[in-house]
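Here the structure is laid out as C-alpha cells; the discussion comes afterwards.
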Amino acid sequence: MEKLQELLNETWHFYKRTLILVARGSKLYYAWCISLMAIIAIGFLFYMRQHDLGLIATKMNDQVSWGLYIANFTYLVGAAAAAVLLVIPSYVYHFKPIKEIVVLGELFAASSIVMAILFVMVDLGRLDRFWHMLPLIGSMNFPQSLLAWDVLALNGYLFLNLLIPVYLLVKFYYRKEPNWKFILPFILVSIPMAVAIHTVTAFLYNGLPARPFWNASILAPRFLASAFCSGPAIIIIIFQIIRKVSVHHIEIEDSALFKISELIAYAMFLNLFLLSAEIFKEYYSQTVHIASFRYLFEGLHGHKELVPWIWSAMTMNVVAFIIFLIPQTRKRLTTLNLGCLLIIIGVWIEKGPGFVIPGFVPDPLGEIFEYFPNHLELMVSFGIWATGLLIFTLLMKVAIPIEAGEFSHVSYVERSFRREEEYQGWRQDSFKKW
Amino acid sequence: MQNKRYTRREFLRNASLAALGGLTIPVFSSCTKEEAEDFLQKHFREMTPEEKKRIIAKLEQRYLQKYGRKFQISTQEAVPDTFWAYGLELSRCIGCRRCVYACVKENNHSRHDPQLQWIRVLRLKRGNLINLENSEHYYDPDLVPEKGFIYLPVQCQQCQEPPCVKVCPVHATWQEPDGIVVVDYNWCIGCRYCIAACPYKGRVFNWAEPNIPKEEINPSVHYLGNRPRMKCAVEKCTFCIQRVRQGRYPACVEACPTGTRKFGNLLDPNSEMRYIIDRKRVFRLKEDLGTEPKFYYFFEA
Amino acid sequence: MFLLGVCFTSFANGAGEEFPVAPPPMTEGMFPCSNCHASMEVNRKKRELKEEHSQIKLHHAETMRWCLDCHDAKNRDKLRLYNGELINFTESYRLCGECHGPQYRDWKAGIHGKRVGYFTGPGKRIYYLCAHCHDPHEPKFKPLKPEPPPIKPKDS
C-alpha cells in the first residue's frame, strides 16, 4: 500500500515536471507551437464541415474515390518506415553517432504514424463506425483484407515506436540501466516491422486486379525504396533544426547525418532503377494498361493535369540523386540540405498524388476524371501535418533534455552534485555493456 | 520502475492522441439515445430474428417520419436452390437508358448531389468491344441507336470471386447463398476500398445524404437491397433482391423496351439463363481477372 | 378454378402449349374486324389500299406477301397459317414463327422478346406478343429518344 502511494506520488511529480517542461520555452518555441495550433484549429473546423456534409465536400467522386488524404497517408507510412535506417546502424552495427539520435528518430516515426492514422480517419466516410474495424469487438476481415492487416501493422509499429524510446528515456531519467534483455527483442522486431508496414501498405494497392497501374509486382520494392529516401531526408533536416534551436546540449554529429545521406543515395538509386524498369515494361510492351502511365507522363486524350507535377518530381529526384552520389556535395551541409528538400518534395509528388490518382485514371470503364484537391481537403491536410509536427515538437521538448541529461530524476533530487562528465561516462558504459 | 514507464508512456500517448480525441468529441457530443443505439447496432448477419424485427420496426418508423410513406421492409432470406444470373443480349441494346432510370426509381437512389446510378451504359464504336477505354458514357443524341455504335450496359456483375468482398475491412459486404453480393449499409465504414477493388465500377458511394423526392419513393424494400440509404455508405446493384426472392423479374429487365435483358436461376434447368448459356455464345467482361461474374453477355445465335 | 385459369391463358392448338400473353395491340375500335368485313366482298387482287387501312404501310416482305397471306380472306377475325389453319390474334406468334423459326424457338424459351411479372411461383406473369414490339406491317424498330446521360462530374 505504501509502495503504491509512493509510486503514485512519483508518477504525479514526473507528470507535473514534464508538463512544466513542455509549457516553458523560448519565444520561438511559443511562436511555433501557437502557429501550429492555429493551423490545427482551422483544419479541424474544415473537417467538421466535411463531417456534416459528407465527403461530397471534397473533390473525390465515384471515378476517383481516393485523393489527397490517402496520398498523404501513403507518403507518411513510408516516412515512418524510414526510422529503421537509424535503428539498424545503431543497434546492429553500433555506429556511435547515430546511436545518440536513434531515440529521437523513433519518436519521429511515431509522430509520422499518428499522422498517417489521422489521414485515414478523415478519409473514412463513417468515422463513428470505426469500432467495426476492431478485432473481436467489431468484425475485422482478417486475413483477407489488406486494410485489416494495415490497421494491425500500423498500430503495432506505433506501439513499438512509443514503447522503445519511452522505455529508454525513462530509464535515462532515473539514471537506471535499461534491461536490454527486455527491450532488445522489441528493438530487433521493429526492424522487420518497419519493412512490414510499408510492404502491407504497398500490398493493399497491389492486390487489386481492377487497377492495372497498381497491380504490378514491383510496387512493394518501389515503395520501400522511395520510403528509404524520403524518410531519412526529413530526419536529416529535422535534426539540423533541432541542433540549431535546442538549448540543451544534444550531440548530433555531422558524421551521423552523412552516414544517413549515404543510405539515401543507395535507396534513391534503387528507386530510380525500379522506376525505369516499370517504364520500360509499359512502354515497350505497349498494352492497353499503359493508359495510366500515359496519363501521368504524357496526358491522356488531352487531360494532362499531372504531367508538369510528375516531370518536376522526376527532375528533383534525379538532381537529388546526383547530389547524394557525389561525396563533395553530400558532405557539404548546404548542398545536402538542398538535396534533402528536393527528395522530400519529389518523392511526395511521386508517391502521393502521382501514385494514387493515376490508379483511378482511366477508371475501370474507361472514363477519365481529373482530380485536384479542393480548398477543404488542403486545409484538413495542413491541419493534420501541423498536428504531427506539434506532437513531434512536444515529444522532443521532453526527450531531448532527458537525452542530454539535463532533465532527470537525479538532477531533480541532487541537482548540484551531478556533473556533465559523470553523466556522459555513465552513458558510455551503459551502451558498451550490451 | 515498470509502472512508471507505463504511466509515462500513457502520458505521451495521451499527448499524441489529443488531436484524435478532439476529433471524436463532436461525434459523441450530439448523441441522442437513438444515435447511441445506431452506433451500437450489430452486423446484420449476427442479429437474432428478434433483433432484426426491432431494427426493422425502428427503420419503418424513421422512414415514415422522413418520407411520409409506410414502408414494408423485408429481410427475406435466400430461397433454397437458387443461384441467380443475368443475361444481356448485346445485339439488341439500343442505349436508351430506360433500364438506368427504372433502376433509379425502383431502388430509391439519390437523384442529385450526389446522383447515383447503378447501371451505366457505355457506347462503343463498332469494331471494338473489350477495350473500354474508348467508351463514351455521356452520349446524348436525339435518337438511339446511332449508326456505327454499339451499346454496353454495365452494372455490378455479382462475381463468384468478388474482389470487393475480399477487401472490405469490416465484412460489410458479403455474398449471399443465392449468389447476390450485398452490403449491410449500417455496417459500412465508408473507406471506399471496395470501390477501388471493383473492376466493373459496380459500386457507388453516397457522398452525402441522399436526395430522394418523396413522391417517387418505392416503399417495398429489402433491408439488404433498396431501402433508403444514408450518407457515406457504399451501395450497388442487388439484382433487385426485393423482387427476385419473391420470383419477380428485376426492374431493369421489365423496363427494357427491346427485351435485351434476361434473368434466371442457374440451378433450374428450365430457366431462361440455362437456355442462354447452353445455346448462345456467352461471354463475361474482364474474365481474365478471375472474378467469375454472373452477368452473361451474348449475341444472337 | 380451371375455367378461371383458362381465361388468363390462351391455347396453342397444335403445340398444346399455353402462354400468358398480354392482349394483342389492336388499334382502338378495330376488333372484331368482321363488323365491317362480314358484309364486304372479298377482293383477292394484290393492290395498294386506298379507301380504308390506308395508313398501314406494308414493309414486311411486301414483294412476296400481302395482306391476305396472313389475314384470312373469309374470316377477318382470324389469322391464317400456311396450312390453312385459322388462329386467333392472341396466338399470332405461331404465324410469325412459320417464317421466323429461330426467333420463335427463342421466344418460347423466353430469350427473345419480353416477359414481365413473376418468373417462378404462382404470381402473375405476362409474355409480350411479337406484335407488341414489332408492328407486323412495319416490324423494324423505330429509334427512341434516350434518357438523359448521367451528370458529368466537373473537372477541376
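The values are calculated or read from the model by the stated rules, or taken from the named source; none is laboratory data. Given the structure is predicted, the values throughout are model-derived calculations rather than measurements. With ideal geometry, Cβ positions are generated from the backbone for all residues, glycine too; neighbour counts draw on all protein chains shown.
Rundown of residues vs (1) in a loop (DSSP other than H, G, I, E, B); (2) away from chain A (no Cβ under 14 Å); (3) over 24 Å from residue B:116 (Cα atoms); (4) not aliphatic (A, V, I, L, M), yes/no style:
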residue	(1), (2), (3), (4)
B:195	no, no, no, no
B:211	yes, no, no, yes
B:230	yes, no, no, no
B:253	no, yes, no, no
B:257	yes, yes, no, yes
B:282	no, yes, yes, no
B:288	no, no, yes, yes
B:293	yes, no, no, yes
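Residue B:144: under 30 Å from residue C:103 (Cβ atoms), in contact (Cβ under 8 Å) with a residue 12 or more places away in the chain and within 7 Å of another protein chain (Cβ to nearest Cβ), yes or no? Spelling it out, residue B:144 is indeed under 30 Å from residue C:103 (Cβ atoms), in contact (Cβ under 8 Å) with a residue 12 or more places away in the chain and within 7 Å of another protein chain (Cβ to nearest Cβ).
Looking across segment A:290-304 at every residue that is in a helix (DSSP H, G or I) and touching a residue at least 60 places away in the same chain (Cβ under 8 Å), the one that is nearest to residue A:211 (Cα to Cα) is identified as A:292.
Do we find a residue being crowded, with 23+ Cβ neighbours inside 10 Å and in a loop (DSSP other than H, G, I, E, B) anywhere in segment B:141-148?
Checked against the condition, which is being crowded, with 23+ Cβ neighbours inside 10 Å and in a loop (DSSP other than H, G, I, E, B), segment B:141-148 yields no hits at all.
So residue A:216 fits all but one of (1) touching a residue at least 60 places away in the same chain (Cβ under 8 Å); (2) over 25 Å from residue B:291 (Cβ atoms); (3) assigned to a loop (DSSP other than H, G, I, E, B); what number is the exception? The one condition residue A:216 does not meet is (2). Please verify whether segment B:250-271 includes one or more residues that are over 16 Å from residue B:87 (Cα atoms) and not polar (S, T, N, Q). No, that holds for no residue. Tell me, yes or no, whether segment A:267-290 has at least one residue that is more than 30 Å from residue A:96 (Cβ to Cβ), touching a strand residue (DSSP E or B) at 6+ places or on another chain (Cβ under 6 Å) and within 14 Å of another protein chain (Cβ to nearest Cβ). There is no residue in segment A:267-290 that is more than 30 Å from residue A:96 (Cβ to Cβ), touching a strand residue (DSSP E or B) at 6+ places or on another chain (Cβ under 6 Å) and within 14 Å of another protein chain (Cβ to nearest Cβ). Filtering B:133, B:161 for residues that are in contact with a Gly (Cβ under 7 Å, 6 or more places away or on another chain), of a type in the set (D, E, K, R), within 27 Å of residue B:292 (Cβ to Cβ) and without any contact (Cβ under 8 Å) to a residue 40 or more places away in the chain leaves a single hit, B:133. Taking the criterion of being at pLDDT below 90 and not aliphatic (A, V, I, L, M), the residues of segment A:240-257 that qualify are A:243, A:244, A:246, A:248, A:249, A:251, A:253, A:254, A:255.
Restricting attention to segment A:162-201, the residues being more than 14 Å from chain B (Cβ to nearest Cβ) and closer than 29 Å to residue A:75 by Cβ number 13.
Select from segment A:81-125 the residues that are within 14 Å of chain B (Cβ to nearest Cβ) and among the hydroxyl-bearing types (Ser, Thr, Tyr) and write down the one among them that is nearest to the chain's Cα centre (by Cα). That would be A:112.
Number of residues in segment B:239-251 that are in contact with a helix residue (DSSP H, G or I) (Cβ under 9 Å, 6 or more places away or on another chain) and not in a strand (DSSP E or B) equals 6. Taken together, the criteria exclude residue A:165 from residues that are within 20 Å of residue A:109 (Cα to Cα) and surrounded by fewer than 16 Cβ atoms within 10 Å (Cβ to Cβ).
Give me the residue from segment A:132-152 that is without any contact (Cβ under 8 Å) to a residue 24 or more places away in the chain and not in a loop (DSSP other than H, G, I, E, B) and, out of that set, farthest from the other protein chains (Cβ to nearest Cβ). Here the residue is A:152.
Where in segment C:66-156 are there helices (runs of 4 or more DSSP H), lying fully within it, with 2 or more residues that are farther than 30 Å from residue C:45 by Cα and within 10 Å of chain B (Cβ to nearest Cβ)?
The helices (runs of 4 or more DSSP H) meeting that bar are C:101-109.
For segment B:115-140, filtering for residues that are assigned to a strand (DSSP E or B) and of a type in the set (Val, Ile, Thr) leaves 1. Tell me yes or no: at least one residue of segment C:127-142 is within 19 Å of residue B:276 (Cα to Cα), out of contact with any Ser or Thr (no Cβ under 6 Å at 6 or more places or on another chain), surrounded by fewer than 19 Cβ atoms within 10 Å (Cβ to Cβ) and of a type in the set (Lys, Arg). So far as segment C:127-142 goes, no, none of its residues is within 19 Å of residue B:276 (Cα to Cα), out of contact with any Ser or Thr (no Cβ under 6 Å at 6 or more places or on another chain), surrounded by fewer than 19 Cβ atoms within 10 Å (Cβ to Cβ) and of a type in the set (Lys, Arg). Only a single criterion out of (1) in contact with a His (Cβ under 7 Å, 6 or more places away or on another chain); (2) closer than 21 Å to residue A:347 by Cβ; (3) not polar (S, T, N, Q) is not satisfied by residue A:212, namely (2). The helices (runs of 4 or more DSSP H) located wholly in segment A:323-408 that include 2 or more residues which are surrounded by fewer than 20 Cβ atoms within 10 Å (Cβ to Cβ) occupy A:327-330, A:333-351, A:375-404. Here B:63, B:101 are screened, and the one residue that is aromatic (Phe, Trp, Tyr) and either within 14 Å of residue B:256 (Cβ to Cβ) or within 14 Å of another protein chain (Cβ to nearest Cβ) (or both) is B:101. Once segment B:178-193 is narrowed to residues that are in a loop (DSSP other than H, G, I, E, B) and aromatic (Phe, Trp, Tyr), the residue that is farthest from the other protein chains (Cβ to nearest Cβ) is B:185. Only one entry in B:160, B:155, B:115, B:175 is among the polar types (S, T, N, Q), under 16 Å from the mean Cα position of the chain (by Cα), crowded, with 21+ Cβ neighbours inside 10 Å and more than 7 Å from chain A (Cβ to nearest Cβ), namely B:155. Checked across segment A:233-244, the condition of being over 18 Å from the mean Cα position of the chain (by Cα) and over 17 Å from residue A:79 (Cβ atoms) holds for at least one residue.
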